[in-house]
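In what follows, a structure is listed as structure tokens, so that the remarks can point back to it.
The values are calculated or read from the model by the stated rules, or taken from the named source; none is laboratory data. Because the structure is predicted, anything quoted here is derived from the model rather than measured. Positions of Cβ are generated from backbone atoms using ideal geometry, with glycine treated the same way; all protein chains shown enter the neighbour counts. In case anyone asks, the SASA skips ligands and DNA or RNA and just uses the protein heavy atoms, side chains included. Shrake-Rupley method; radii C 1.70, N 1.55, O 1.52, S 1.80 Å.
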Amino acid sequence: MKKLNSLNVKWQTCLAAMVAAGYFQANALAMPPSSRQDEPYRLLVEQKLVLPAISQSEFLLSPTVQQFSTREQMLRAAPQINTQLIRSLPSLWQMRVPANRPLQSVSVSYDLIAANGRSNSLSNPEHPNSEIKVALQALPPIRVSRENNFDIIEGGVELRLNLERAEVAGAYQGTLRITVQVP
């Protein structure tokens, strides 16, 4: 492998009353201080990425018609809540590589560590046992442009959020590490 590049992305998402927006905050920690933005193999990521808000229609499952004999039965009936959400970040990072590199040879991996230190999760900083489990699925890199014998490629990730262990509303944090290997 010619080049291995990675960076850490601070992740925060907010579930205010379990319906809100979120954002990434990125810190390029693995870049050499003297490197220029137009150098090959430099991994670039936006400093702040806003995620779509969790809408009420995503969170609450479609209402089903239920009949209740009494008011008490109706009040005791648990609302049907969707605990599995998907967020796709197709353009999370970009990299300049020499032209005509086969995209199939580019290897990308993502590692997520929650603020409480657990893998594949986001955790609430005030309530470390309250977690959102996250399954990460790398999206295949794509070629977006060509400049002076270099291709600009970009990639992303699909986040499969499992809200079953999210006990409190509020901020959930973690660090996303992106590793890109180009032969």
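Quick one: would you say N148 is open to solvent by 50 Å² or more (accessible area, probe 1.4 Å) and of a type outside the set (G, A, S)? Judged against the criteria, N148 is a match.
If a residue has to be of a type outside the set (S, T, N, Q), open to solvent by 10 Å² or more (accessible area, probe 1.4 Å), over 15 Å from V157 (Cβ atoms) and modelled with pLDDT of 90 or more to count, how many in region 104-132 make the cut? Residues that pass the stated criteria total 5. Touching a residue at least 12 places away in the same chain (Cβ under 8 Å), within 20 Å of P40 (Cβ to Cβ) and surrounded by fewer than 13 Cβ atoms within 10 Å (Cβ to Cβ) - does that describe any residue in region 159-177? Looking for residues that are touching a residue at least 12 places away in the same chain (Cβ under 8 Å), within 20 Å of P40 (Cβ to Cβ) and surrounded by fewer than 13 Cβ atoms within 10 Å (Cβ to Cβ), one finds none in region 159-177, hence no.
Please verify whether region 51-61 includes one or more residues that are surrounded by 15 or more Cβ atoms within 10 Å (Cβ to Cβ), in a strand (DSSP E or B) and modelled with pLDDT of 85 or more. Within region 51-61 (the criterion being surrounded by 15 or more Cβ atoms within 10 Å (Cβ to Cβ), in a strand (DSSP E or B) and modelled with pLDDT of 85 or more), the answer is no, since none of the residues qualifies. Of all residue pairs spaced 6 or more apart or on separate chains, those with beta-carbon atoms under 8 Å, a first member in region 85-108 that is without any contact (Cβ under 8 Å) to a residue 60 or more places away in the chain and over 19 Å from E39 (Cβ atoms) and a second member that is part of a strand (DSSP E or B) and open to solvent by 70 Å² or more (accessible area, probe 1.4 Å) are L103/P140; L103/I142; L103/R143. Taking region 68-103 as the search range and keeping residues that are closer than 23 Å to Q173 by Cβ, polar (S, T, N, Q) and open to solvent by less than 70 Å² (accessible area, probe 1.4 Å), which one is modelled with the lowest pLDDT? It comes out as N82.
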